[in-house]
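The values are calculated or read from the model by the stated rules, or taken from the named source; none is laboratory data. Not measured: the values here are computed from a predicted model. Neighbour counts are summed over all protein chains in view; Cβ atoms, including those assigned to glycine, are modelled from backbone coordinates with ideal geometry. The area values use the complete protein model at the heavy-atom level, side chains included, leaving out ligands, DNA and RNA. Shrake-Rupley method; radii C 1.70, N 1.55, O 1.52, S 1.80 Å.
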Amino acid sequence: MSSVTYFEAQKWASSFVSDHKIDESVVNLLLLGMKNWNLTDLLMNYQQQMPQHEFEKFKDMLNKVYHGWPPQYLLGEADFFGRKFKVTENTLIPRQETEELVEWVLNDFGNNQSDLKIADIGTGTGIIGISLKLERPLWDVTLTDVSPAALSVARENAQRYGLDIKSICSDLFATLKGKFNIIVSNPPYIAESEKYLMDQSVIEHEPHVALFAAEKGLFVYQRIAAEISSYLEKEAVLYLEIGFRQGKAVKQIFQQAFPSADIFLKNDITGHDRMIKVVFHNDQ
Ligand code: SAM
Ligand code: GLN
């Protein structure tokens, strides 16, 4: 195929993904992503010629996806909460479940609550803390990660949205200063023994420091429970993403560490345990 319109390129890609058993959504994800278009832009440009070098790049990306590359790493961008974020192989690709965690925090704390101090622990691309800051500009948000490479991506994403956000390289709370009203985290929580449930493309391409945790995936929750108390304001709430089989165990970890806290589990839209909230009381 030498010269193609965008419509023809899309059609070619649809049959490529169908032949190679790749999810159909990859076609538009790549085509729109590489052009920085929305669907309407694509429709309006259907009959335009796609430059040859673009078509070659598009075919190359589809081929890489066939060989296991996540399309978001090829584009260098991913969507989260209606916005684009830079991603690299040093950062986890944002997951849809994590949008529900952000929504939970936003629903609990309305627009009128200002001056809250928030920490996003293990921020990766920065998606949680940055989305919270964009939705609640008066909040004082700090991003942390143990990976300097991830943190530098988070900083770029904060700059992209013109945000003034602190970012600190820290092993959980080790170099964090101050106390917080809201601490939110999507830590690594997958047990080595659960590898068989994962896509090969995740195992091969996403950073293992973002995915795996010792103690059946519970190690970071245990550490958070042991280390968090001196970082809590008088009124403080912790929000965590959890693995779909970890609800009971994570609840128990925090119940034991904070007997008078109120603890709530929440399902994701697929009906699985996916988040937990710990409301601390003044006496803790
Ligand atoms: N918050 C991002 C998101 O939701 O897409 C990334 C979440 S990823 C599952 C976990 C992140 O925690 C990774 O960026 C990883 O580098 C970081 N991390 C792992 N161990 C950590 C630790 N001990 N202290 C701080 N961050 C850690
Ligand atoms: N939910 C992600 C996955 O299944 C992992 C995120 C995490 O470990 N926090 O790949």
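Observations on the structure shown:
- Straight-line reach from Lys166: taking Cα to Cα under 17 Å and skipping same-chain neighbours fewer than 8 places apart, the lysines in range are Lys117, Lys133, Lys177, Lys179.
- Scanning residues 5 or more positions from Ile190 or on other chains, those with amide H under 5 Å from its amide H are Phe212, Ala213, with H placed 1.01 Å from N in the peptide plane.
- The phi torsions of the stretch 156-173, fed into the Karplus equation with coefficients 6.51, -1.76 and 1.60 and a -60° offset, translate into couplings of 4, 5, 5, 4, 3, 9, x, 9, 9, 10, 6, 9, 9, 7, 7, 7, 6, 8 Hz, rounded to whole numbers, with Gly and Pro shown as x.
- Within the accessible area of the chain (1.4 Å probe), percent carbon and sulfur: 49 percent
- Chymotrypsin sites (Phe, Trp or Tyr not before Pro) restricted to DSSP loop in the stretch 29-92 with at most 15 other C-beta within 10 Å: Tyr46
- For Leu116, distant residues with modelled amide H under 5 Å away: Asp140
- Paramagnetic reach from Ser152 in the stretch 64-92 [backbone N under 13 Å; point 7 Å along Cα→Cβ]: 88-91
- Restraint check, Lys59/Lys216; Lys84/Lys266; Lys59/Lys84, Cα-Cα greater than 30 Å: Lys59/Lys216
- Per residue, in Å², the accessible surface of the chain once ligands and nucleic acids are set aside, probe 1.4 Å: 49 Å²
- Pairwise alpha-carbon distances in the stretch 38-99 exceed 13 Å for 72% of all pairs.
- Per DSSP, loop GluC sites (Glu not before Pro) in the stretch 187-284 with at most 14 further Cβ within 10 Å: Glu215
- For the chain, diffusion coefficient by Stokes-Einstein and Kirkwood Rh (Cα), 10 °C, 1.306 mPa s, µm²/s: 78 µm²/s
- 5 angstrom amide H check on Leu92, placed H, neighbours 5+ away: Thr125
- Karplus-derived HN-Hα couplings along the stretch 39-51 (A = 6.51, B = -1.76, C = 1.60, θ = phi - 60°), whole Hz, x at Gly and Pro: 4, 5, 4, 4, 4, 5, 9, 3, 8, 6, 6, 8, x
- Oblate is the label for the stretch 119-240, because a/c, from the alpha-carbon gyration tensor with a ≥ b ≥ c as root eigenvalues, is 1.5 or above and a/b does not exceed b/c.
- Taken one residue at a time, the phi angles of the stretch 221-233 give Karplus couplings (6.51, -1.76, 1.60, θ = phi - 60°) of 5, 4, 5, 4, 4, 6, 10, 6, 4, 7, 10, 9, 5 Hz. Gly and Pro are set to x.
- Debye-sum result for the stretch 207-284 in log10 I(q)/I(0), which assumes one identical scatterer on each alpha carbon, at q = 0.17 Å⁻¹: -0.66
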